[in-house]
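Report on the structure given below.
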Amino acid sequence: MPIDLATVALLGALQALLLAPLLLVATRAYAGVARRSLRLWGWVLLLQAVGWTLMGLRGRIPTALSVTLANGLLMASYAGTAHALRMLLGLPTRARLLILPGLAGWLGIAWFAQVRPDYAIRVYIATAALGVYLALLLWPLRKALRRGGSPAQRVMLLILLAASLGWLLRLRELGGPQAGLLTATPGNVYQLVYSALEPALASIGFLLLYNEAVQAKLRRLARTDPLTGVLNRLALDEELARLFRAGGALAVLLLDIDHFKDINDRHGHAGGDEVLVSLAGRVHACLCAGQPFGRVGGEEFLVLLPGADLAAAQALAERLRATVAEAIFLAGTPAAVTLSLGVAVRHAGDADAAALLRRADDALYAAKHGGRNRVALALP
């Protein structure tokens, strides 16, 4: 049975038209970047609905509408798709790079539709513009192909590659007898049928990406101290257990702010919080990548040093103590804040990570009772 491609185009437009308001209404419950990107995708669907409607009416309405305006709307939808997806992935949007290919492509299509009609050149121009948008999306999504890559990004990658195939098939057919978009050649059939399905497929891809981003954010929140932004006790326990199981040298620094209760009494809890945040920033700036750091609770923090021996751990502890004493600010002015630190390194006698942490705690206790503002080393 012959396929009426005009009907296929109109069915795809109807599907996009039905999905757009549902997505725009549903995103009212979302927030932040996810809401903006999904709302933008809703408007993209509306552009596609109008564009494919005009395409489907080709031959029944003027060329200025069915070709020039339709392609302009579709070019705008491609730019919106790239913008929305890059926003959802947390990538720079590069507004100029998003606008210029679509604008140049639309002007070229308009010229070869109204002034010098040439179907083949229009397809070449449209493919070139779309290629820029696909490159902006496919390049960051390539990381999903690695082991452990994002399943949602893999789904979106397949959706985009399938869309690319339709354009490649149309390019391949340009070497034969010239045919318009609504002529039932294999390339046109594939592209229009897939374009009719793409609004639903891409919407599913967008929602999967959103769900994945939300889950990642929840995992980060579950492992992050809400005040200082460093690891919380749960995350530190997990990291310490992992490093202990891995074997090899391991040191821990347990540090505590001296006379923190007096700081709270003098400056209030807001002042105490400011000191905690400032301390976390200073300590974190002194550490290297792969040295987990977080807040154990109250005014107590923990640094994990995989591969460090006692001398290296003690040297870092002294540097942290001196740095904090010189650089903690409260309400913009230097504050008299000092640290006591307990240092412990892994020994063969440590049955588990908790034993190592207990020895660091004993060393911290010794530093406190030895006069504070000092570093104490744990005994094996």
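The values are calculated or read from the model by the stated rules, or taken from the named source; none is laboratory data. Everything numeric here is computed off the predicted structure, so don't read it as measured data. Virtual Cβ from ideal backbone geometry, glycine too; neighbours counted across all protein chains shown. Side chains are part of the model used for accessible areas, which takes the heavy atoms of the whole protein and leaves out ligands, DNA and RNA. Shrake-Rupley method; radii C 1.70, N 1.55, O 1.52, S 1.80 Å.
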Item to check | Qualifying residue in region 76-89 (condition: under 15 Å from the mean Cα position of the chain (by Cα) and among the small types (Gly, Ala, Ser)) | outcome: yes
Checklist entry - In region 202-223, which residues are part of a helix (DSSP H, G or I), closer than 28 Å to residue 295 by Cβ and free of Cβ contacts under 8 Å to residues at least 60 places away in the same chain? => result 215, 216, 217, 218, 219, 220, 221, 222
Checklist outcome for this item: Counting only residues in region 83-102 that are in contact with a Pro (Cβ under 8 Å, 6 or more places away or on another chain) and not in a helix (DSSP H, G or I), the one surrounded by the fewest Cβ atoms within 10 Å (Cβ to Cβ) is identified as 91
Checklist outcome for this item: The lone condition residue 126 fails out of (1) under 15 Å from residue 81 (Cβ atoms); (2) open to solvent by 20 Å² or more (accessible area, probe 1.4 Å); (3) of a type in the set (Gly, Ala, Ser) is (2)
Item to check | Verdict on residue 252 being crowded, with 19+ Cβ neighbours inside 10 Å and assigned to a helix (DSSP H, G or I) | outcome: no
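For region 288-355, list the strands (runs of 3 or more DSSP E) that sit wholly inside it and hold at least 1 residues that are closer than 17 Å to residue 377 by Cα and in contact with a Gly (Cβ under 7 Å, 6 or more places away or on another chain); which are they?
The strands (runs of 3 or more DSSP E) meeting that bar are 300-306.
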Next on the checklist: Could you list, ordered by first residue, the pairs with Cβ atoms under 7 Å in which the first is in region 279-305 and in contact (Cβ under 8 Å) with a residue 12 or more places away in the chain and the second is among the acidic types (Asp, Glu) and open to solvent by 10 Å² or more (accessible area, probe 1.4 Å), at least 6 apart or interchain?
Outcome noted: 292/239; 294/225; 295/225; 299/256; 300/256; 304/239
Next on the checklist: Can you report the number of residues in region 123-138 which are touching a residue at least 40 places away in the same chain (Cβ under 8 Å) and over 24 Å from the mean Cα position of the chain (by Cα)?
Outcome noted: 5
Checklist entry - If only one of 80, 105 is assigned to a helix (DSSP H, G or I) and in contact with a Phe, Trp or Tyr (Cβ under 8 Å, 6 or more places away or on another chain), which one is it? => result 80
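Yes/no per residue for (1) among the hydrophobic types (A, V, I, L, M, F, W, C); (2) touching a residue at least 60 places away in the same chain (Cβ under 8 Å):
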| position | (1), (2) |
| --- | --- |
| 140 | no, no |
| 149 | no, no |
| 161 | yes, no |
| 200 | yes, yes |
Next on the checklist: When you scan region 160-172, do you find a residue that is farther than 30 Å from residue 22 by Cβ, assigned by the TED database to the domain that holds residue 49, in a helix (DSSP H, G or I) and charged (D, E, K, R), even just one?
Outcome noted: yes
Checklist entry - Any residue at all in region 308-315 that is among the acidic types (Asp, Glu), under 13 Å from residue 255 (Cβ atoms) and open to solvent by 20 Å² or more (accessible area, probe 1.4 Å)? => result no
Checklist entry - All but one of (1) under 29 Å from the mean Cα position of the chain (by Cα); (2) at pLDDT below 95 hold for residue 301; which doesn't? => result (2)
Checklist entry - Give me the pairs: first residue in region 86-102 and in the same structural domain as residue 71 (by the TED database) and under 20 Å from residue 216 (Cβ atoms), second residue assigned to a loop (DSSP other than H, G, I, E, B) and open to solvent by 30 Å² or more (accessible area, probe 1.4 Å), beta-carbon distance under 9 Å, and six or more apart or on different chains, which are they? => result 86/92; 86/93; 86/94; 87/93
